[in-house]
1. Mind sorting 660, 29, 136, 167 by how few other Cβ atoms lie within 10 Å of their own Cβ, fewest first?
2. Report, to the nearest 10°, how far helix 499-512 tilts away from the longest principal axis of the Cα atoms in the chain, using its own Cα long axis and a range of 0 to 90°.
3. Which order results if 682, 580 are arranged by neighbouring Cβ count within 10 Å, fewest first?
4. Per residue, how big is the convex hull of the range 350-443 when only Cα atoms are used? Give it in Å³.
5. Under the classification rounded if a/c is under 1.5, otherwise prolate if a/b is larger than b/c and oblate if not, where does the range 585-646 fall, given a ≥ b ≥ c as square roots of the Cα gyration tensor eigenvalues?
6. Roughly how tilted is helix 130-187, in degrees to the nearest 10 and between 0 and 90, from the longest Cα axis of the chain?
7. If each residue of separation counts as 0.36 nm, what is the full-extension length gain between residue 374 and residue 586 once their alpha-carbon separation is subtracted?
8. Is the shape of the range 513-591 best called rounded, prolate or oblate, per the rule: a/c under 1.5 gives rounded, else a/b larger than b/c gives prolate, else oblate, with a ≥ b ≥ c the square roots of the Cα gyration tensor eigenvalues?
Amino acid sequence: MVFRRNIWLFLGVVVLVAGAAATWTLLQTPIYSATASLLIDPIAPDVVNLKSVTPDLPGTSDVVDTQVRLIQSPQIARRAADAYAKLRPNDARSAAAGRAELASTMAKMLAVNRAGLTFVIDIEAESTDPQFAADTANLYAEQYIAAQRDAKVGANQQASTWLTSRTAELRDASSQADAALQQYKIANGLLSSNGATNAEQEVSTLNQQIAVAKADLAEKSGRLAAARAQLRAGGGGADVGAALGSGTIGSLRQSEAVASSEVAQLEARYGALHPELVKAQSQLKEIRVQIQQEIDRILSNLEADVRVSSSRLSSLQGSQSRANGALAGNNSAGVGMMALQRKSDAAKAIYETFLNRLRETSAQQGLQQADSRIAAAAEAPKSPDFPNHKLAALGGIGGGIALGLIAIALAEYLQGGVRTKTDVERRLRVRYAGAVPTLQSTLGKMRATEPPQDYIVSHPLSVFAESLRALQAFLLLGGGAAQGGRVVAVASALPQEGKTTTSVCLARTAALGGARTVLVDCDLRRRGSSEQFIHEKRPGLYEYMRGEVSLDEALVVDPASGAYVLGTSESQQDARDPLTPNNLGRLIAELRKRFDVVILDTAPVLGVADARAVAAAADRVLVISRWAKTSLRAVEAAIDVLLDAGAKISGIALTQVDITRYASTGHSDTYGYQKKFRGYYTN
């Protein structure tokens, strides 16, 4: 109900705010936003299984935040500006003189943020030029990756240069250590082959030769001893093993056997002195002499072999003693050699380590990969991010609705007046008498051409006239009045609430309905009712109260309705109050006798004390409150004043109601449904 009552205020605020939002949107310079996404990839692919000079990024959250800060570094801004100058050479921003300004501009329009807790970094650029925004975001991403790769390449090249220099130094150091070792070996006779020094090899060889010589001597001594034992046993050495193995002795033995056979044959044939037998025996003897000589020679050779072997063994043993002495000296020099050997080995190991690392580093040339890659490239936006037309429209409409509701609440609060039947009955705790609309609101699109008090006469079947009849019925129906005419006082808390117009309209309505009616203007200072009917100087209420004229002489007839008016032709001139309780009692008593309805138009209750006495003298008091204007506190104060004066308040009527506003006086009032009764009225 409150909303419908303030619908035009609400719509006005909504249209105003929406229009302001639209105007603001149209006046703003559009700003375009483009975003490129980087993926931080801590696990780079291994092209070759080599340890890199610059290790990969660890897969921790802090590393991503660090990369966010690095992307915003001045170095990347300068690289991006240089890259833009190459990409857009014809752009005025690409001039070499303004390169620093271009870098600063690109840095200011950039926003780098991590996407949640992921390894994705969003690079957002905002500019009035959509293509420039997209280029900035993409170039920042590309130059960041290039900077990472260049840093790795530079570190690898620097490492290679240092390793090359250091490897050369270590090679020289290793050569010097090896040369010192060799010189020491030569100087101390520690040259070696097959893992042993010359002295060690000589001692080993002599030991082997002595062992062989000892075995040979033992063998030959054994043969000689056996031969001598055979000689001592007899036999002339014929059974000595060396003789038995001799070819010469074997040949002689065969000749001896032939000669012995021939001698035996000759002895059998001839006598002992036979020349052939003697000759054969002589030959046999000579052969045996030769055999003995050969045996003696063989024994002599055995003795000679034993002497030679013994002499060789002695010579080898002497050489062994000398070699052992040289070996003992070499062992003392070996301590120094071992120190030089360790130094040489260490220099060689370090040199080989650096050499291998140099080879690995050289093999990595051109294989360095950045630890990030572009996940999504920025594209030139087709619509601006600012101002966001959809958001501005929604904001304008939403803001308009919100401000419209606030305006309604503020209007209701600022108005603070009595508006509805509910306000009268619940907040003021007084009966609701009805509502009198403004004449214009009952005419719709037609224009009011006459005042309300004349309109009810010319249009007795109109909505406006019906509202006065309803108010009359509320006041005049029912008992509780003194014998004679019904006296009704119309009062209000403040001026300009429609009290006089309501009083005149009620009087004319009652008179047109056939009731003898009189309207008494009790507002002696403003003379609201009197001015409408008394246009020349003549006797009136003052003169009647002073007893100077009769009631008939003081009354004026309204020719339009037949109602009588008791007023004044001029305002009160002195401080004497004619509306004393005695005068009012006398006046009302006489009016009751002559009229059915007596309407008392009083002065504002809160401003003029006369109104309290007039209201107290009436049978009923109708309190008038201007709709949505008179505050609740003012009406409540007037009610308290009237009750304290002893007035009988019948109810409160709302005046100047705009019935075109939805439920202007509440859903429970007639005007909440006035559109349904259009066919009953003739406006």
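1. Details: 660 17, 29 8, 136 29, 167 20.
Sorted ascending by nearby Cβ count, the order is 29, 660, 167, 136.
2. Once rounded, one gets 50 degrees.
3. Details: 682 10, 580 13.
Ascending number of Cβ neighbours within 10 Å: 682, 580.
4. Working: hull volume 27.0 nm³, N = 94.
About 287 Å³ per residue, rounded to a whole number.
5. On the way: a/c = 2.81, a/b = 1.94, b/c = 1.45.
In terms of gyration-tensor shape, prolate.
6. Result, in degrees: 20.
7. Full extension of this stretch gives 65.8 nm more.
8. On the way: a/c = 1.77, a/b = 1.27, b/c = 1.40.
Here the range 513-591 falls in the oblate category.
Read the figures in this text as sums done on the coordinates, not as results from a lab. This is a predicted model, so every value here is computed, not measured. For neighbour counting, all protein chains shown are included, and Cβ atoms are generated from backbone atoms with ideal geometry for every residue, glycine included.
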